[in-house]
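Everything on this sheet refers to the single structure shown next.
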Amino acid sequence: MLVLLILSQAFATGIRFDEVPCPFGDDTVRKYQKLSANTFGGYDSDLATYSTRGQFRTHAISTCTNNYFSAMGSNLERTISSDKNVQVQAAIDASRNTWADRDEPTVWERYDTAARIAVVLGDAPLDIAELYLNASWTARDQAVGVYVGGLDGPIAARKILDLGKVELQKDLIPESKAVLLYNLARVAHRGGFVAERDEHVREFLSLPSISDAERKAGMALKTLSQVVEPKYQELAMSFLQAGVGQPGDPLRIARAQYQLADLARRLGKTEQARAGYKEVASNSEAPDQLQSMANFLLGEIGH
């Protein structure tokens, strides 16, 4: 188990960029393209996927340097009608007012800006939900890093967490206990097992043996998982809810239904999660993978 949980030395996902005109104003902006990556880092209960070479979602969002206009790189060629200029600027300003540093936004804050602009431009709810999901995932990237060997969904996470409980009963040296608790917190977070995540973080931070750097990492995991991510997950839920009620591709709707249920579980909205998972489990259009995870997580929270 410990081999599986070693934090990888993440070689950067292969990317390139071109300077293209900013759709808003007269600046240029970097548009990144993914040249190479892999999926060996596994996936989370809410379908966030991982490359062991770094996550392209960090680069997928482009931000113009002189006005903070933000959009997915794949959306930079869109034309913005001049009658939307005031509303777009207002969306940028509203987002900036929430940033910790108005001049140096984090990647998740830039996704928030893109989402607010997308609302102004009338984009589809599921497209806006995807922006907020990516905002939450980029915060999670900073919190949990990448695992060698992958971590494929909540069922795999549960197996690791159960093994971890057994390991914690052993007479471990302080260094080994610290590594185990920290890694179990990361696994629990990726699986969406919030109570276990918080308990492992609490125990880790209570250890007198951890270094200042380890304590800083533990506090970052606590803040990002308990404060930053939930804000964007709530916003993603509102747009997922709007999107699943509209006509669309059945597979995309099924995916959105599942993500809506899983975010509800992660945010402690158990009844909503239960109803959502049941809907996915009975949806003939839902892929087997989603139905399997929905049924498993129904078992976790109780039918």
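The values are calculated or read from the model by the stated rules, or taken from the named source; none is laboratory data. In this text the structure is predicted, and so the values were computed from the model without any measurement. When we count neighbours, we look across all protein chains shown, and the Cβ atoms used for this are built from the backbone with ideal geometry, even at glycine. Just the protein is used for accessible areas: all its heavy atoms, side chains included, with ligands, DNA and RNA removed. Shrake-Rupley method; radii C 1.70, N 1.55, O 1.52, S 1.80 Å.
Multiply the residue separation of residue 103 and residue 163 by 0.36 nm, subtract the distance between their alpha-carbon atoms, and state the gained length in nm to one decimal.
That works out to 17.1 nm of additional length.
Sum -39500 (n - 2.57) across every DSSP H segment of at least 4 residues in the chain, then divide by the residue count to get the 222 nm mean residue ellipticity, nearest 500.
Computed mean residue ellipticity for the chain: -18000 deg cm²/dmol.
Got a sec to turn the phi values of the range 97-113 into Karplus ³J(HN,Hα) couplings, 6.51 cos²θ - 1.76 cosθ + 1.60 with θ = phi - 60°, whole Hz, x for Gly and Pro?
5, 9, 6, 5, 10, 5, 10, 9, x, 6, 5, 6, 5, 5, 5, 4, 4
HN-Hα J couplings of the range 46-58 from phi, Karplus 6.51/-1.76/1.60, θ = phi - 60°, integer Hz, Gly and Pro as x?
The phi angles translate into 9, 6, 4, 10, 9, 9, 6, 10, x, 9, 5, 4, 5 Hz.
So what is the accessible area of the chain per residue, in Å², with the probe set to 1.4 Å?
47
Where the only charges are on Cβ atoms (+1 Lys, Arg; -1 Asp, Glu), what is the dipole of the chain about its Cα centre, to the nearest 20 debye?
Computed charge dipole of the chain: roughly 380 debye.
If you take the charge dipole of the chain about its Cα centre, with +1 on Lys and Arg Cβ and -1 on Asp and Glu Cβ, which of 62, 86, 253 is farthest toward its positive end?
Result: 253.
For the range 85-174, rounded, prolate or oblate, judged on the Cα gyration tensor with a ≥ b ≥ c (square roots of eigenvalues), a/c < 1.5 rounded, else prolate if a/b > b/c?
The shape class here is prolate.
With a cut-off of at most 12 other beta carbons within 10 Å, and DSSP calling the residue loop, which trypsin sites (Lys or Arg not before Pro) in the range 40-95 qualify? Please list them.
Listed in order of number, the matching sites are 78.
Taking the Cα atoms of the chain alone, what are Rg (to one decimal) and Dmax (as a whole number) in Å?
20.0, 68
Between beta-carbons, use under 12 Å as the cut-off and find the net charge around residue 128, counting Lys and Arg +1, Asp and Glu -1.
With Lys, Arg at +1 and Asp, Glu at -1, the neighbours total -3.
Express in Å², to the nearest 10, the accessible area of residue 15 obtained by rolling a 1.4 Å probe over the protein heavy atoms while all chains stay in place.
For residue 15, the solvent-accessible surface is approximately 60 Å².
In nm, to one decimal, how far is the residue 77 label point from the residue 26 one, both placed 7 Å along Cα→Cβ?
2.5
Between 192, 224, 211, whose Cα lies farthest towards the positive end of the dipole of the range 182-232 when Lys and Arg beta carbons carry +1 and Asp and Glu beta carbons carry -1, centred on the Cα centre?
224
Set the Förster radius R0 to 35 Å, insert the Cβ-Cβ distance between residue 226 and residue 67 as r into 1/(1 + (r/R0)^6), and round the FRET efficiency to 0.05.
0.60
Just to verify a number: what accessible area does residue 212 come out at with the full protein assembly present, 1.4 Å probe, Å² rounded to tens?
Its heavy atoms expose roughly 130 Å² to the probe.
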